[in-house]
Amino acid sequence: MAKSVKAEEVEQVVRRYLQKKDYSLSEPKEYGQTGADITATRGRSTLFIEVIGFQDKPPTRSREFYECFFRVLSRERNNRSDTLVMALPYRFKNGMRQRRQQYAVAWEKLGKAFPNLKIWYVKTHAPECEVEECSWAEPFHLTPIIAGSP
């Protein structure tokens, strides 16, 4: 399977972004290790981040998106200071409006049930390495955040 963007590239940008924001980060996972791809802590807040790449084949890309979704939801601990993050290559942003429309009712219910669920779109190509954060409820209402900014 060919990947246009590898998960490792996305993870590197996210790690740099979080380091600039003074988060303490878990060590990178070895292949096959369980747990969140990145656990980031700062003060009382914890981010559980699941990262995927961008597959060239749409069925595989869709499967990986939903696997990422269920993996990140499995990190829920019912702690108000936790944030669940799906870190996706920026190209996912193009199809997100269609994906949200296709599952409109369920998407909205999930946003209400998990207000701490976020989607981060990650640009992996220098010099534009940046992270755009948004909520599950508003997956295309974005504020760009440069990876190097606090």
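The values are calculated or read from the model by the stated rules, or taken from the named source; none is laboratory data. Worth saying up front: this structure is predicted, and the values here are computed from it rather than measured. Ideal geometry is used to build each Cβ from the backbone, glycine not excepted, and the neighbour counts take in all protein chains shown.
Name the residue, out of 82, 22, 37, that is at pLDDT 95 or above, more than 20 Å from residue 134 (Cβ to Cβ) and charged (D, E, K, R).
One residue alone meets the criteria, 22.
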* Structure fact -> For residue 54, the lone unmet condition from (1) out of contact with any Pro (no Cβ under 8 Å at 6 or more places or on another chain); (2) of a type in the set (A, V, I, L, M, F, W, C); (3) buried (at least 16 other Cβ atoms within 10 Å of the Cβ) is (1)
* To do: Read through the list (1) without any contact (Cβ under 8 Å) to a residue 24 or more places away in the chain; (2) more than 16 Å from the chain's Cα centre (by Cα); (3) farther than 20 Å from residue 76 by Cα, then give the number of the only condition that residue 15 fails.
  => (2)
* What number of residues in region 94-131 are closer than 15 Å to residue 16 by Cβ and modelled with pLDDT of 90 or more? -> 6
* Asked: Of the residues that make up region 133-143, is at least one under 11 Å from the mean Cα position of the chain (by Cα), assigned to a helix (DSSP H, G or I) and under 26 Å from residue 20 (Cα atoms)?
  -> no
* When you go through (1) under 15 Å from the mean Cα position of the chain (by Cα); (2) within 19 Å of residue 53 (Cα to Cα); (3) outside any strand (DSSP E or B) one by one for residue 99, which number turns out not to apply? -> (1)
* Asked: Of the conditions (1) over 14 Å from the mean Cα position of the chain (by Cα); (2) modelled with pLDDT of 80 or more; (3) not hydrophobic (A, V, I, L, M, F, W, C), residue 148 fails just one. Which one is it?
  -> (2)
* To do: Give the residues of region 62-92 that are among the aromatic types (Phe, Trp, Tyr), in contact (Cβ under 8 Å) with a residue 40 or more places away in the chain and touching a Leu at 6+ places or on another chain (Cβ under 9 Å), sorted by residue number.
  => none
* **First in region 25-36 and on the phi > 0 side of the Ramachandran plot, second anywhere and outside any strand (DSSP E or B), Cβ under 9 Å, 6 or more apart** => 35/26; 35/29; 35/75
